[in-house]
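The values are calculated or read from the model by the stated rules, or taken from the named source; none is laboratory data. Keep in mind it's a predicted model, so treat the numbers as computed, not measured. We place every Cβ from the backbone using ideal geometry, glycine too, and count neighbours over all the protein chains shown. SASA here: full protein model, heavy atoms, side chains in, ligands and nucleic acids out. Shrake-Rupley method; radii C 1.70, N 1.55, O 1.52, S 1.80 Å.
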Amino acid sequence: MAYPFQLGFQDATSPIMEELLHFHDHTLMIVFLISSLVLYIISSMLTTKLTHTSTMDAQEVQTIWTILPAIILILIALPSLRILYIMDEINNPSLTVKTMGHQWYWSYEYTDYEDLTFDSYMIPTSDLKPGELRLLEVDNRVVLPMEMTIRMLISSEDVLHSWAVPSLGLKTDAIPGRLNQTTLVASRPGLYYGQCSEICGSNHSFMPIVLELVPLKHFEEWSASML
């Protein structure tokens, strides 16, 4: 969960989000080093006299500033491609949940169970209980087992939506007539909040997502009580 004046990302809860955080730090360090070098060169040009004007025509310098950017781009591209393949790979999911976006709420269907479906609406501010979060709480949370591979099938009934949970590194578009999928693996229990990340209409910011990740035993008890 984000906190006031937060500058960085939310704490990672899934292996994919951990990889994304590492890649972000890796890329940010490269950007910082490049920015420092450029700032040093600019300051040197403004504060010192050029004593070797022939340096601008040197083949060695031109070779360096051609090859070095190419090496930097490779150092950024290879980890990025690796994470893209990891995010796309789905191996034998233990559970499949279908998510449909509506104006303006989400509906969920546990496809491995016969009649386990429900709608998830945002709780109005006037109905919130002490300690609940404004514009983020829902009447029906999505309860899922932790430490298990879960496949989310995401689509929409009307307009474009986007199913996003930042702490899990998830953001998948819900497109009418198309079924997108993503993988969810949580490393620890807890409540994880998200929102629709697509501008889907006037109530775009009022269709939150709440995932409740629990141990498998508690999930089985919950699913039995819902059937």
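Okay, here's what the table says:
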| read-out | value |
| --- | --- |
| Nearest-20 debye value, the chain charge dipole, Cβ charges on Lys, Arg, Asp, Glu | 740 |
| Positive-end residue, the chain charge dipole about Cα centroid, Cβ charges, pick of LEU135, LEU20, ALA164 | LEU20 |
| Straight-distance crosslink candidates among lysines, where the alpha carbon sits under 18 Å from LYS98 and sequence neighbours closer than 8 are dropped | LYS171 |
| Sequence of LEU21, LEU68 from largest to smallest accessible area, 1.4 Å probe | LEU68, LEU21 |
| Sequence ranges 135-146, 76-87, 164-175, ranked by mean other-Cβ count within 10 angstrom, highest first | 164-175, 135-146, 76-87 |
| Folded to 0 to 90 degrees: helix 15-47 orientation relative to the chain principal axis, Cα | 30 |
| Mean residue ellipticity (222 nm) of the chain, computed from DSSP H runs ≥ 4 via -39,500 (n - 2.57), nearest 500 | -11500 deg cm²/dmol |
| Net lengthening on full extension, PHE32/TRP65 (0.36 nm per residue, minus Cα-Cα) | 10.1 nm |
| Rounded to whole Hz, the Karplus (6.51, -1.76, 1.60) HN-Hα couplings of region 198-209, x for glycine and proline | 10, 6, 9, x, 5, 9, 3, 8, 10, 10, x, 10 |
| Whole-Hz ³J(HN,Hα) from phi, Karplus 6.51 cos²θ - 1.76 cosθ + 1.60, for region 71-83, glycine and proline x | 5, 4, 5, 5, 5, 8, 5, 4, x, 5, 5, 4, 5 |
| Surface share of carbon and sulfur [accessible, 1.4 angstrom probe, percent] for the chain | 61 |
| GLU89/GLU109 FRET efficiency (R0 30 Å; Cβ-Cβ; nearest 0.05) | 0.80 |
| Choice from PRO176, PRO69, PRO208 with maximal GNM fluctuation in the chain (Cα, 10 Å cutoff) | PRO69 |
| Amide N of region 182-200 lying under 20 Å from the label point, which is placed 7 angstrom from the Cα of ASP158 along Cα→Cβ | 195-200 |
| Cβ-derived FRET efficiency at R0 25 Å, HIS24 paired with LEU191, nearest 0.05 | 0.55 |
| Accessible area in square angstrom per residue, the chain, 1.4 angstrom probe | 63 |
| For region 108-119, Karplus couplings with θ = phi - 60° (6.51, -1.76, 1.60), whole Hz, Gly/Pro x | 10, 9, 8, 6, 7, 10, 6, 10, 9, 9, 6, 9 |
| Of GLN195, GLN103, GLN59, the one that fluctuates the most in a GNM where the chain has Cα springs shorter than 10 Å | GLN59 |
